[in-house]
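Worksheet: one structure, shown below.
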Amino acid sequence: MLEEAEQLLQEYFGYSSFRKGQQEIIGNILAGNNTLGIMPTGGGKSICFQIPSLCLAGITLVISPLISLMKDQIDSLNALGIAATFINSSLSNLEIKERMAKTCEGQYDLLYIAPERLQSKEFIAQLQAADISLIAVDESHCISSWGHDFRPSYRLIPKLISNLSNQSVVTAFTATATKEVRMDISDLLGIEEENIYVTGFDRPNLKFNLISGENKKDFIAEYVDINQDDAGIIYAATRKEVDQVTSFLKQKGFSVGKYHAGLSNQERRIVQEKFIFDELKIIVATNAFGMGIDKSNVRYVIHHNLPQTLEDYYQEAGRAGRDGEPSECILLFHPADMRLPKFFIEESNLTPQLKERRYQKLQKMIDYCYTSKCLRGFILNYFDNQQLIAGCDNCSNCNEEQELVDITTEAQQILSCVYKTDQRFGITTVACVLKGSKRQKILKLGFDQLSTYGLLRKHTIKEIKDLINFLIAEGYIRLTNSKFPVTKLTAKAKPVLAGREEVYYKVRKKIKRITSQNSLFSILREFRMKLAKKEDLPPYVIFHDSTLKEMAHQKPLTKEAMLEIKGVGPIKFQRYGKHFLEKIKKFALQETAKQEVATTTDNPSHLISYNLLQEGKTLSEIANLRGLAVTTVQNHLVRSLREGFDLNLDLFISQEKRGLIKSKIKEVGAERLKPLKEALPEEISYFQIKLVIFANNN
Ligand code: ADP
């Protein structure tokens, strides 16, 4: 049976072997045992029930709370050639009836339903008529009231199981399960201790970064700019902060959308869809965003604020890199952030006992921000008592990416200013005194007479504030918990003021791109986008980023070589892979042509311009660099295009204008340029017209 499972894995999914835990779990299910699989996000839980669904005669019923994802999940399965469907509240009664009829006829391998369906007696009666071999409870922590995502209708699952007359095997899957939750799941679903498989919680492809005491907005702006091509989520604690970060990024011209409970369902749906379809690169959101996010190519998750628990943090951060590709989880920390989660706990309706538990959990989260040990080790130890002896080498504490700069003098000046202002003022006032500001408030208080007045006048107010924040983060200064927090010195400040200890500012090394640039990968990604639009599917349903990366790296030129790529099985090859193969072949041909040109003709001028464009230079940069007129560079690019080199027309002309030019070509022909130019709006240039003509001919 396992051999068959392995064959199906290759045939349908295009993967050559099972991952850690998958084989054991599938083997146990096929042996007829109720099974609980606890695997990290991205660990590959779905395959653990999808493969058995193909081996077993009857239907696999998947119960999942992720309604917004069901369509994508079913599209993905259908794209693989697997017969699957879903039933949830988004369908009409007629559609539900039709799908149920087909289910009873055994036309599907998998049927996905939302737990709320189980409240309908009629639905349960219909299910009884179907031949259900396997029940898979996805996100099974929702069954436990200890879990953070408790869903009351999950409690109806045990009843469903006992109502089904046949002996279906019951399986449950989750990523985050503490001991209490694990016990709840196994008790309620009748899963024996020996049938619980825990494959660990580690996500080796995720890099954990803690950025402490830095200006958050500056960091985010720099980070998203460097990683412009990649998708990311930025979590903020409140709607207000989501709004602020979104407009800040919008102003800077980034492709960004926001998501929080204050928006209408419609608005949220649109933003989520745009993000899933890669049309929006960045989502700024409260923790309302997430349960429904299965997008596999989220490359980074930034937390703008402190989450309340490590469970929340690991779950939210874990939305990065589900496809197993290197991805980053960044927590931006400032000690003042501790106030908000404390406030949330204080204001909640929890019993004193539960409040106490929440405080303990928050304390762990805070400890994470202050630990100097391996961040991954800290998380794994929390969830699993797992110790990482040597550290992970993939977190900001293990690879010390900081350079130390001695700021003892500035620190002494700041600490002394806090002292001289009687430890009664906030960050801004202290910064203004150090700057030597002439603000009314400063003069009125007589602070211009202080010896610290103007000591840091060479710095900007923002730089001084950043330094103060750094000293807060490092524990030299603390902020009071009052409505208008004021600065106080801590015991750590004394030795610095007395000249006995030095202070070092950690200058972070420059942010590096997560994904390295590769022109074939970009071509394949763009092609996938076009195909996805045509088929109305999220791009990653066609192929994951990891599959495209492997294609770009291996450059397969035959069907056999293409089938070696992870994620390309025979069915997907037929549907999509063969088109990607054509793109790769074309790219390889151009590469050879370029090499030949370079070796035989000393690299003609037009190809030098072309190559500079491919390296990311703009028209005017190329012209400047080469001492040529912009029009000459334009002619070079037109010639390259005519010779069959690929050119991204989006750089020079919008889709809309392209459509317009094409329609005019149909009317007046393309033999002569002038009549064409005259038939078009004035702002359309000869260069743009030529691009469309030659792109059409290619
Ligand atoms: P989870 O539900 O555990 O978060 P998924 O089932 O969505 O994870 O799987 C995560 C990714 O890993 C998907 O892209 C999936 O296709 C891929 N994957 C799963 N099993 C394997 C395997 N055996 N080999 C290679 N990739 C796999």
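Does region 446-467 contain any residue that is in contact (Cβ under 8 Å) with a residue 12 or more places away in the chain, charged (D, E, K, R) and over 23 Å from ILE211 (Cα atoms)? Taking every residue of region 446-467 in turn, at least one turns out to be in contact (Cβ under 8 Å) with a residue 12 or more places away in the chain, charged (D, E, K, R) and over 23 Å from ILE211 (Cα atoms).
The residues listed here are ILE414, ILE427; of these, the one that is under 40 Å from the mean Cα position of the chain (by Cα) and modelled with pLDDT under 95 is ILE427.
Yes/no matrix, rows are residues, columns are (1) free of Cβ contacts under 8 Å to residues at least 24 places away in the same chain; (2) under 23 Å from THR41 (Cβ atoms); (3) out of contact with any helix residue (DSSP H, G or I) (no Cβ under 9 Å at 6 or more places or on another chain); (4) assigned by TED's automatic domain parsing to the domain that holds PRO40:
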residue: ASP337; (1), (2), (3), (4): no, no, no, no
residue: ILE345; (1), (2), (3), (4): no, no, no, no
residue: ASN349; (1), (2), (3), (4): yes, no, yes, no
residue: GLU356; (1), (2), (3), (4): yes, no, yes, no
residue: THR371; (1), (2), (3), (4): no, yes, no, no
residue: ILE379; (1), (2), (3), (4): no, yes, no, no
residue: SER396; (1), (2), (3), (4): no, yes, no, no
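Are any of the residues in region 497-517 at pLDDT 90 or above, open to solvent by less than 60 Å² (accessible area, probe 1.4 Å) and not in a loop (DSSP other than H, G, I, E, B)? There is no residue in region 497-517 that is at pLDDT 90 or above, open to solvent by less than 60 Å² (accessible area, probe 1.4 Å) and not in a loop (DSSP other than H, G, I, E, B). Residues in region 171-213 that are of a type in the set (Asp, Glu) and more than 16 Å from the ligand (Cβ to nearest atom): GLU180, ASP184, ASP187, GLU192, GLU193, GLU194.
When residues in region 293-321 are screened for being open to solvent by less than 10 Å² (accessible area, probe 1.4 Å), closer than 12 Å to ILE283 by Cβ and touching a Gly at 6+ places or on another chain (Cβ under 7 Å), 4 of them pass. Any chance region 97-108 includes a residue that's part of a helix (DSSP H, G or I), hydrophobic (A, V, I, L, M, F, W, C), surrounded by 19 or more Cβ atoms within 10 Å (Cβ to Cβ) and away from the ligand (no atom under 15 Å from the Cβ)? Yes; the residues of region 97-108 include at least one that is part of a helix (DSSP H, G or I), hydrophobic (A, V, I, L, M, F, W, C), surrounded by 19 or more Cβ atoms within 10 Å (Cβ to Cβ) and away from the ligand (no atom under 15 Å from the Cβ).
Per-residue answers, yes or no, for (1) on the phi > 0 side of the Ramachandran plot; (2) more than 16 Å from the ligand (Cβ to nearest atom); (3) not aliphatic (A, V, I, L, M):
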position: SER546; (1), (2), (3): no, no, yes
position: GLN554; (1), (2), (3): no, no, yes
position: GLU560; (1), (2), (3): no, yes, yes
position: PHE580; (1), (2), (3): no, yes, yes
position: ALA588; (1), (2), (3): no, yes, no
position: PRO604; (1), (2), (3): no, yes, yes
position: THR618; (1), (2), (3): no, yes, yes
position: ALA623; (1), (2), (3): no, yes, no
position: ARG626; (1), (2), (3): no, yes, yes
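Within region 540-556, residues that are within 13 Å of LYS585 (Cα to Cα) sit with their Cβ atoms under 8 Å from residues that are within 15 Å of the ligand (Cβ to nearest atom) and open to solvent by 10 Å² or more (accessible area, probe 1.4 Å), at 6+ positions apart or across chains, in these pairs: GLN554/GLU564; PRO556/GLU564. Please verify whether ASN287 is closer than 30 Å to GLN360 by Cα, touching a strand residue (DSSP E or B) at 6+ places or on another chain (Cβ under 8 Å) and either within 14 Å of the ligand (Cβ to nearest atom) or open to solvent by 20 Å² or more (accessible area, probe 1.4 Å) (or both), treating the condition exactly as stated. When the stated conditions are applied, ASN287 passes them. Against the criterion of being within 16 Å of the ligand (Cβ to nearest atom) and either surrounded by 14 or more Cβ atoms within 10 Å (Cβ to Cβ) or at pLDDT below 90 (or both), ILE608 does not qualify. The residue of region 7-27 that is nearest to the ligand (Cβ to nearest atom), among those that are in a helix (DSSP H, G or I) and out of contact with any helix residue (DSSP H, G or I) (no Cβ under 8 Å at 6 or more places or on another chain), is GLN10.
The single condition from (1) more than 30 Å from GLN574 (Cα to Cα); (2) within 16 Å of the ligand (Cβ to nearest atom); (3) open to solvent by less than 20 Å² (accessible area, probe 1.4 Å); (4) not polar (S, T, N, Q) that ALA114 fails is (2). For region 115-126, the condition of being in contact with a Ser or Thr (Cβ under 7 Å, 6 or more places away or on another chain) and among the charged types (D, E, K, R) holds for at least one residue.
GLN634 - would you say it is among the polar types (S, T, N, Q) and in contact (Cβ under 8 Å) with a residue 60 or more places away in the chain?
Judged against the criteria, GLN634 is not a match.
Among the residues of region 304-323, those identified as within 16 Å of the ligand (Cβ to nearest atom) and part of a loop (DSSP other than H, G, I, E, B) are GLY318, ARG319, ALA320, GLY321, ARG322, ASP323.
So that you can scan it fast, the table gives a plain yes or no per residue for (1) of a type in the set (Val, Ile, Thr); (2) away from the ligand (no atom under 16 Å from the Cβ); (3) assigned to a helix (DSSP H, G or I):
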site	(1), (2), (3)
ILE302	yes, yes, no
GLU325	no, no, no
ASP337	no, yes, yes
ILE345	yes, yes, yes
GLN363	no, yes, yes
ILE366	yes, yes, yes
TYR382	no, yes, yes
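If the condition is being open to solvent by less than 30 Å² (accessible area, probe 1.4 Å), away from the ligand (no atom under 13 Å from the Cβ) and in a loop (DSSP other than H, G, I, E, B), then region 29-64 contributes only GLY58.
Based on what the data block shows, is ASN78 farther than 21 Å from ILE161 by Cα, more than 9 Å from the ligand (Cβ to nearest atom) and polar (S, T, N, Q)? Criteria met by ASN78. For region 583-601, the count of residues that are open to solvent by less than 10 Å² (accessible area, probe 1.4 Å) and under 27 Å from GLU279 (Cα atoms) is at least one.
Tell me which residues, restricted to region 680-698, are open to solvent by 40 Å² or more (accessible area, probe 1.4 Å) and over 17 Å from GLN634 (Cα atoms). Those that are open to solvent by 40 Å² or more (accessible area, probe 1.4 Å) and over 17 Å from GLN634 (Cα atoms): PRO681, GLU682, ASN696, ASN697, ASN698. Filtered by the rule that a residue be closer than 20 Å to PRO341 by Cα and open to solvent by 20 Å² or more (accessible area, probe 1.4 Å), region 216-258 gives LYS216, ALA237, THR238, ARG239, LYS240, GLU241, ASP243, GLN244. Residue count for region 230-244, restricted to those that are within 12 Å of the chain's Cα centre (by Cα) and of a type outside the set (A, V, I, L, M): 3.
Per the conditions (1) open to solvent by 40 Å² or more (accessible area, probe 1.4 Å); (2) under 30 Å from GLU214 (Cβ atoms); (3) without any contact (Cβ under 8 Å) to a residue 60 or more places away in the chain, the sole criterion not satisfied by THR480 is (1).
If you go through region 77-92 and keep only what is open to solvent by 40 Å² or more (accessible area, probe 1.4 Å) and modelled with pLDDT under 90, you end up with SER89, SER90.
The values are calculated or read from the model by the stated rules, or taken from the named source; none is laboratory data. Keep in mind it's a predicted model, so treat the numbers as computed, not measured. Cβ sites come from the backbone with ideal geometry, for glycine too, and all protein chains shown count toward neighbours. Remember, those area values only see protein heavy atoms, side chains included, never the ligands or the DNA or RNA. Shrake-Rupley method; radii C 1.70, N 1.55, O 1.52, S 1.80 Å.
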